[in-house]
Structures are given as C-alpha cells and as structure tokens.
1. Suppose each label sits 7 Å from its Cα in the direction of the beta carbon; what would the Q358-T396 distance come out to in nanometres?
2. Students often get this wrong, so check it: of K405/K436; K75/K192; K19/K192; K181/K393, which have C-alpha atoms separated by over 20 Å?
3. Out of the DSSP beta bridges found with both residues in the stretch 358-448, what percent are antiparallel (nearest 5)?
4. Given N residues in the stretch 8-166, what is its alpha carbon radius of gyration divided by 2.2 N^0.38 Å?
5. Go through K308/K333; K291/K336; K291/K366; K312/K333; K227/K333; K336/K431 and tell me which ones have a Cα-Cα distance over 23 Å in this structure.
6. Kirkwood hydrodynamic radius (Cα pairs, Å) of the stretch 358-448?
7. What net charge do the residues around L430 carry, taking every other residue with its C-beta under 12 Å from that of L430, with Lys and Arg at +1 and Asp and Glu at -1?
8. Could you compute the net charge surrounding K124? Neighbours are other residues with a C-beta less than 10 Å from the C-beta of K124; K and R count +1, D and E count -1.
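Throughout, read-outs are computed from the coordinates displayed, never taken from laboratory work. Only a predicted model underlies this, so the values are computations on that prediction, with no experimental measurement involved. Neighbour counts are summed over all protein chains in view; Cβ atoms, including those assigned to glycine, are modelled from backbone coordinates with ideal geometry.
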Amino acid sequence: MSQMTRPIVAIVGRTNVGKSTLLNRLASRRIAVVADLPGTTRDRVFAFVSWQERELTVVDTGGWQTKPTTSLEQKVKQQVEAAIAQADAVIFLVDAKDGAIAADEEVADVLRAANRPIILAVNKVDSAKQANQVPEFYHLGMGEPIAISAHHNLGIDDLMDAVLASLPPQPISITEPGEAKLAIVGRPNVGKSTLLNTLLRDERAIVHESPGTTRDSLDAVIRWDDKEILLVDTAGIKRRGRVGTGVDYYSLLRALQAINRCDVALLLIDASEFITAQDMHIVGYIIEVGKGIILLVNKWDLIPQEQKQEFKRRVEQRLRFASYTPIIYISAKLGKGINRILPQAWEIWQERQRRIPQSEVDELVKQAVGSHPPPRTGSRRLHIARAYQDESKPATFVLKVNNPKLVHFSYQRYLENKFRQEFGFRGVPLKLIFTKAARKINSKIETRA
C-alpha cells in the first residue's frame with residue numbers, strides 16, 4: 001500500500017525573531033488538534049500543520065549563532081544545522097523592526113549552501129512603518145520577502161501558500177517491499193542499534209537502499225514466519241554522534257521521518273532513565289499521525305527484581321492517556337523478550353487494517369448513546385445521526401452530528417472506549433471526527449429531540 005509522505009519544514013533564524021510564536025500560530029491553525037498530552041506541551045519542538053489538504057511537520061530551532069561562545073550556543077548551532085540538513089523546505093524568519101542586520105546575512109549564507117527551498121518571511125510587520133521596511137530584505141538574496149505577523153495572525157496564508165509551492169506536488173511514496181513497515185525510534189543511547197542488530201541477526205534480513213525516501217536512508221527486509229516486514233531507516237538508527245552535541249535533536253528529526261513512513265513505531269526507552277520528556281514528545285507524534293505503537297522498555301535486566309512491579313505501575317500511569325499501548329520489557333543486549341516484538345507488531349499492523357461495516361458502527365453508537373446519553377449543554381443536547389469508518393485513514397471514524405461544538409471531551413473518550421471494547425484496535429490510536437450532519441438530516445434530528 002502506498003502512503004502519503006509528510007514533508008518536514010524547519011523554521012530558522014536568529015534569536016528573538018519570533019520562531020516559537022510562528023510555530024505556535026501554525027499549530028493553533030490546525031483544525032484537528034489532539035488533546036494536550038502529558039509531557040508534550042512544554043518546550044514544543046514541532047507542530048502538525050494541515051494546509052490545503054497537505055499534511056506537514058513544522059519544526060522549531062534555536063536562535064542561530066554564527067560564532068558560538070558557549071557550549072549551549074554550540075549545541076543550538078548544531079541543532080539548526082541538523083534541522084536544515086533534514087528539512088524538505090526552510091522558513092527563514094527575520095524581524096522587520098530590526099531590519100536586515102549582519103546576523104541575518106550570515107544565516108542567509110548558510111542557507112544558500114544548504115541547497116534547500118528557502119521561504120523568506122519578515123515577521124512583526126504590525127504597521128505601515130514596518131511594511132515599508134520589508135523591501136530592504138531583498139538584498140539577502142533569498143527571493144521575495146513575505147510580510148507576516150505571527151502574533152497578530154497576518155500574512156500566514158501567503159506564507160504557507162509559498163511553503164506548499166516550494167514542495168514537490170503531493171508526493172506519494174513508492175510501494176515498498178514488505179507488508180508491514182516498522183520503525184525503531186527513541187533517544188540516543190537507549191539501545192536502538194543493539195536491538196536492530198539483534199533483530200537482523202535473529203531473522204533472515206536483506207538491507208537495501210530505498211529510492212524516494214529519507215536522504216541516505218537504508219531499510220531492511222526481515223523475513224519472519226513466512227511474512228515480510230520492512231524496518232525503515234536503519235541508517236538513521238546507526239548514525240550516532242553525527243552532529244556531536246546536537247545528536248538529540250538530529251535523532252528526534254530522524255525519528256519523525258521514520259514514523260511518517262512506518263505503519264507501527266517501536267518506541268524504545270531506557271529503563272534506567274524511565275520515561276523522559278522527549279519520549280513523551282515522540283509518543284504524542286505517533287498518536288497524532290495515527291501510527292501503531294509498541295513501547296519497548298530496554299535494559300530491563302538493570303532494574304532490581306524488587307523494583308520491577310512498582311516500575312511497571314509507574315509506566316502504566318505515565319501512559320494512561322494511551323492505555324491501548326502494548327508494553328514489552330526487554331534486554332536487547334541479552335536478547336530477552338526480543339521474540340515477542342515481531343508477533344506483537346504484526347498483530348498491531350493487522351489491527352490497523354481492520355475495516356468495520358457501517359451497520360456495525362451505527363449499531364455500536366446507537367447502543368452507546370442508549371446506555372449513556374450525551375449530557376446537555378444548556379438546553380441543547382448532542383445527537384448523532386450516523387457513524388461510519390473513514391475508508392482512506394486507518395482507525396478513523398466519522399460521526400455526523402447536529403452540532404460538533406456540543407461534543408464534550410469526556411463523552412468522546414467514552415465513545416472511544418466503546419469502540420475499543422467492541423472492535424479492538426489494540427496498539428492503534430483511534431480518531432473520532434465529529435462533523436455537522438446535512439441540513440435535511442439535522443432537521444430530522446432536531447424534530448426527534
């Protein structure tokens with residue numbers, strides 16, 4: 001099955017030009033935003049943006065320092081370089097109030113050498129005075145500057161139209177070998193390489209280059225139990241230390257790209273460090289893009305026996321918002337628990353392909369509403385006209401209702417639990433999309449109400 005790819009767009013610029021404000025603006029413009037997940041809202045690094053039916057991942061970067069004087073500034077510089085190297089397009093953000101200064105010219109020189117599509121955005125254009133300063137940015141040699149105000153939501157449409165125009169038209173990845181595509185993702189030094197080597201050693205594997213995918217990507221086909229499974233971007237797993245102190249950020253970008261391509265993400269964490277904020281960022285991303293997920297707790301042999309039960313309880317508590325996630329405790333180094341990974345991944349891949357007849361979806365919703373009607377909002381109550389599974393998106397259900405604004409989060413969670421009880425979808429994020437029913441259907445609903 002071919003799948004849409006999700007380009008990565010990096011926001012680059014010197015300090016205090018409004019990169020984070022722009023990222024948050026783009027995130028807030030997205031229609032379907034996942035409820036805030038624990039550990040994913042602070043220090044936002046990336047946003048999911050849907051623009052003219054094109055799905056994008058927009059990543060933030062630290063303020064550029066051409067001549068870093070501290071280890072932190074050096075780390076930020078390497079982070080920015082990693083983002084530019086991995087991005088499909090770059091938004092070069094400058095500040096209208098400061099004008100084009102020497103630091104902007106230095107960033108422009110770096111971007112020119114990167115050979116990526118560059119969109120020059122002049123931020124903080126909040127008045128006619130700032131608008132008059134926009135033309136001076138032409139001399140940066142980055143093409144036509146686009147005037148925006150991220151804070152006041154001005155010019156964002158023009159900016160995003162330019163971003164889309166810089167990307168190849170709606171790319172579709174070629175059909176890749178292997179039926180199920182898995183990605184091993186996680187922070188540096190949690191054992192990804194060891195796990196990969198163990199899987200490749202234990203199974204018959206062929207490593208090959210995949211044209212049309214992530215730059216310098218290597219994939220591996222594993223033949224397991226008469227089935228073929230594709231492990232995507234094995235090169236990204238093995239490239240530890242490529243950008244020195246910027247490796248955390250590079251690793252995160254690489255993980256996002258691998259998740260975009262896979263069907264099931266194997267998120268590896270280090271038991272000795274528990275679950276970190278970046279681990280939670282990656283969990284949030286996997287859920288947002290609707291991929292299957294397995295949490296692999298590595299280095300389990302390092303946890304004392306008397307602490308294991310409490311450790312498991314804490315992990316389940318941390319992941320209570322995604323309680324459908326299978327958790328496998330392993331030691332990649334010792335080979336313990338490894339034999340459970342591929343069977344579980346295959347099961348989740350099958351769950352992701354599950355298609356439910358509309359009659360069964362409708363009947364389930366009818367029973368759920370009958371046993372627990374939606375609460376009233378003032379004098380109005382939510383009514384569901386019909387429900388069906390989206391044919392083009394895995395584990396996504398559309399519910400036609402009288403007024404989507406009447407859907408309370410707790411009732412949505414109630415319905416999601418009912419779907420899981422009846423249909424399964426273990427290891428797969430469910431998406432319930434509430435849309436307004438046609439006027440004719442709506443009038444029938446209101447009459448019944």
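1. Simple spin-label model gives 1.8 nm for this pair.
2. Table pairs above 20 Å Cα-Cα are K75/K192; K19/K192.
3. Values: 7 of 13 bridges.
So the antiparallel bridges in the stretch 358-448 amount to around 55 percent.
4. On the way: Rg = 15.0 Å, N = 159, 2.2 N^0.38 = 15.1 Å.
Expressed relative to 2.2 N^0.38 Å, the Cα Rg reads 1.00.
5. Pairs exceeding the cut-off: K291/K336; K291/K366; K227/K333; K336/K431.
6. Values: mean 1/r = 0.0740 Å⁻¹.
Radius from the Kirkwood sum: 13.5 Å.
7. Numbers: positive: R352, R354, K393, R413, K418, R420, R426, K431; negative: E351, D390, E416, E422.
Net charge around L430: +4.
8. Working: positive: K97; negative: D95, D98, D126.
Net charge around K124: -2.
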